[in-house]
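Single-structure report; data block below.
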Amino acid sequence: IDLFQGCFLMCVISFVPLYVLSGVGGIAGIAKASAQKNISFAFFPDYKPITLINTLLLTCGWGLGYFGQPHIITKFMGIRKAKDIRKAEAIGMTWMACALSAATLVGLVGIPFFQTIGLDNPDEVFIDIVKLSFSPFISGFILCAVFAAAINAVSSMVLVLSSSITEDLYRRLINPNAPEKTLLVVSKWSVLFVALISYFIAVRKIQSIYTLVLFAWSGLASSFGPLLLLCLYSKYINKFAAFLGILVGGIMASVWPLVPQIGQLHIPALIPGFFTSLFLMLIVSRFTKKHAPSVNS
C-alpha cells in the first residue's frame, strides 16, 4: 500500500507543475511574476547575522525531526538484512530530493498562475491549480493523490501508536500476562482513542497545515529522536532516562509555541525539545545507572 500510494503521489506532484509550467511562460514567467511581487529566489534573503541564524535554526528545526518519526523508522526496521541499509538510505534520500523538488516547483508555478486571480489559501495552491487546469474527472483522479499522502502518513502513525500503547504500555507495564484476545481489544480501543484526539485537534481550526504538521513533527522528534540516537551510540541509557526523555521532550515541544520569541530570533519547538530531552537522558542515566538496566540490555 505504501509503495503504490508513494509512487502515485510522486507521479502526480511531478506531472502537475510540469504540465502547467508552459502555460505560465516557463521559468521566465515565474521569474517575471516573482519580480513583480518582489519575491526573491535567493536561499538567503540577506547575509545579516540574524538571517543566517534563523535559517540555520529552521533547517535544524526540520532536519533533526527525521530521527524521531516512528512511521519512518519502522520502515528501516523492516529491512531484512543490515547490509541493505545503505541501499535504503540512497533510495530514501533520492526520493526525498525528488519529492521536495516537485513540491517546490508547485509553489513556484503558483506565483504566476494566481497572479491575476489571486489565491485565498496558500495551503491549497496544488488543489486550486488542479481544479482550474483539468476537467472535473481528471481533477478528481489527481486529487486522490492528496488523500493518498494523508492516508499513508495517518495509517502508519496510528498503527505505530496503537502498537506502542498495546505492547509497550499495556503489556509491559499494566498486564504482562495479557492474552492475545485482550491485546487485540486494547489495540482497537487505542485506534479509536487516537482518532478522537485527532478529531478534536482538527476542529480547533489550526492556522495552517504547515503549522499543524510542524507541531506534530516537533513533538514526535523531541520525544523519540534523542532516545533513538542514544540507544544506537550509548550503552548507558536506562529505562528511567528513556521514560523521562520521552515525556519531557514531548511536553517541551508542546509548550514552546506559547513562549514569546526574543526579538527577530525564531527558535523552532523541535530544537529546545530535542536537546532538553537529550541532556536530561544523559544526566539521569548517569545518576541512576546502578538502579536500572540499560535499554540496550
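Filter the stretch 188-215 for residues that are modelled with pLDDT of 75 or more and open to solvent by less than 50 Å² (accessible area, probe 1.4 Å) and give the result.
190, 194, 214
Suppose we keep only residues that are open to solvent by 40 Å² or more (accessible area, probe 1.4 Å) and over 30 Å from residue 16 (Cα atoms) within the stretch 140-163. Which one would you say is farthest from the chain's Cα centre (by Cα)?
Of everything passing the filter in the stretch 140-163, 163 is farthest from the chain's Cα centre (by Cα).
Do we find a residue being within 24 Å of the chain's Cα centre (by Cα), in a helix (DSSP H, G or I), small (Gly, Ala, Ser) and on the phi < 0 side of the Ramachandran plot anywhere in the stretch 205-215?
No, every residue in the stretch 205-215 fails to be within 24 Å of the chain's Cα centre (by Cα), in a helix (DSSP H, G or I), small (Gly, Ala, Ser) and on the phi < 0 side of the Ramachandran plot.
Let me confirm something: among 257, 272, which residue is open to solvent by 30 Å² or more (accessible area, probe 1.4 Å) and either within 19 Å of residue 55 (Cα to Cα) or in contact (Cβ under 8 Å) with a residue 40 or more places away in the chain (or both)?
257
Do we have residue 15 as modelled with pLDDT of 85 or more and assigned to a helix (DSSP H, G or I) here?
Answer is yes for this residue.
Here is a check on your reading of the model: is residue 227 in a helix (DSSP H, G or I), over 15 Å from residue 214 (Cβ atoms) and open to solvent by 70 Å² or more (accessible area, probe 1.4 Å)?
no
Checking residue 173 against (1) assigned to a helix (DSSP H, G or I); (2) open to solvent by less than 80 Å² (accessible area, probe 1.4 Å); (3) aliphatic (A, V, I, L, M), which test does it fail?
Among (1) assigned to a helix (DSSP H, G or I); (2) open to solvent by less than 80 Å² (accessible area, probe 1.4 Å); (3) aliphatic (A, V, I, L, M), the lone unmet condition for residue 173 is (2).
The values are calculated or read from the model by the stated rules, or taken from the named source; none is laboratory data. What you see is a predicted model; the values in this text were computed from it and never measured. Quick reminder, even Gly has a Cβ in these numbers, built from the backbone with ideal geometry, and neighbours come from all protein chains shown. With ligands, DNA and RNA removed, areas are computed over all heavy atoms of the protein, side chains included. Shrake-Rupley method; radii C 1.70, N 1.55, O 1.52, S 1.80 Å.
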